[in-house]
Amino acid sequence: MEIYQLRHRVYCQEIGYTPPGGASIGIEVDAHDLHSIHCMIKHRRTGLAAGCFRLVLPKRGSLNPTPRLPLQEYGGGSLTHETLHPDRLPLRQICEISRLATARTFRHHPVHHETISEDYVTELFTEDERHLFPLLTGALFLATHALVELAGRRHIFAMMQPKLPRLLARSGFHFQQIGEAIELHGRRNAYYIDNERAEAEMSDSLRPFYRSIKRELSPQLAGALPKPARSPLTP
């Protein structure tokens with residue numbers, strides 16, 4: 001539930017996204033949550049939710065007879081690459097990084113113009129802890145690549161603002177743009193990366209961190225795999 005609450009704070013309260021259901025109940029969920037692996041990073045000392053994402057794993061079934069990735073639903077017409085398209089790759093090999101969110105408390109910069117008391121942040125975190133905040137986005141993406149490998153997938157899609165792939169390229173993650181820009185609370189493009197290539201090209205400085213994340217996630221995978229018959233709103 002903490003993940004859905006964090007998504008609500010970032011996507012609904014900060015970015016201004018309105019869920020299909022309309023009325024807010026303090027969480028943000030959609031149908032793709034039923035076939036996703038959800039991951040959250042917590043600040044160990046305080047227990048605060050720092051960031052999260054979901055890895056959408058489309059699978060054909062009674063509740064999902066025509067499986068599609070989220071980016072195909074709201075940006076399918078923008079996908080222009082001849083071969084790197086979800087419909088042209090094996091269904092059991094594709095996935096999408098989606099609902100990536102970082103809590104405002106752990107960001108140096110707001111999404112729009114929202115503010116947060118510097119006294120509040122100073123009281124919560126030490127200076128050394130605050131210096132590590134910029135590493136959170138990289139840690140989230142390392143976790144996604146670890147989960148993709150553990151889940152036996154290969155072809156990763158994501159809808160991102162252009163500055164994020166440029167930032168990730170510094171760490172060896174070279175996402176390829178595969179579509180035209182669309183307006184989705186800011187200009188965003190569809191991107192693709194081959195997970196096998198991503199691991200091969202990963203910066204050597206990140207490999208120990210990556211292996212540590214994968215070791216921690218591996219025993220949790222069975223409990224995190226999608227349960228098709230269960231709704232995220234079910235207690």
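Key figures for this structure:
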{"read-out": "Debye log10 I(q)/I(0) at q = 0.09, 0.11, 0.18 Å⁻¹ for the chain, Cα point scatterers", "value": "-0.37, -0.57, -1.69"}
{"read-out": "Where N is the number of residues in segment 145-235, Cα Rg divided by 2.2 N^0.38 Å", "value": "1.28"}
{"read-out": "Selected from 158, 200, 49 as most flexible by GNM, with the chain as the system and alpha-carbon contacts under 10 Å", "value": "200"}
{"read-out": "Counting DSSP beta bridges with both ends in the chain, the antiparallel % (nearest 5)", "value": "85 percent"}
{"read-out": "The chain: most fluctuating residue of 199, 216, 127 per GNM, C-alpha cutoff 10 Å", "value": "127"}
{"read-out": "Pairwise centroid distance, computed over Cα atoms, of segment 122-183 with segment 36-108, Å", "value": "12 Å"}
{"read-out": "FRET E, pair residue 197, residue 59, Förster distance 25 Å, beta-carbon r, rounded to 0.05", "value": "0.55"}
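Coordinate-derived values only; no laboratory data. Bear in mind the structure is a predicted one, so any value in this text is a computation, not a measurement. Cβ sites come from the backbone with ideal geometry, for glycine too, and all protein chains shown count toward neighbours.
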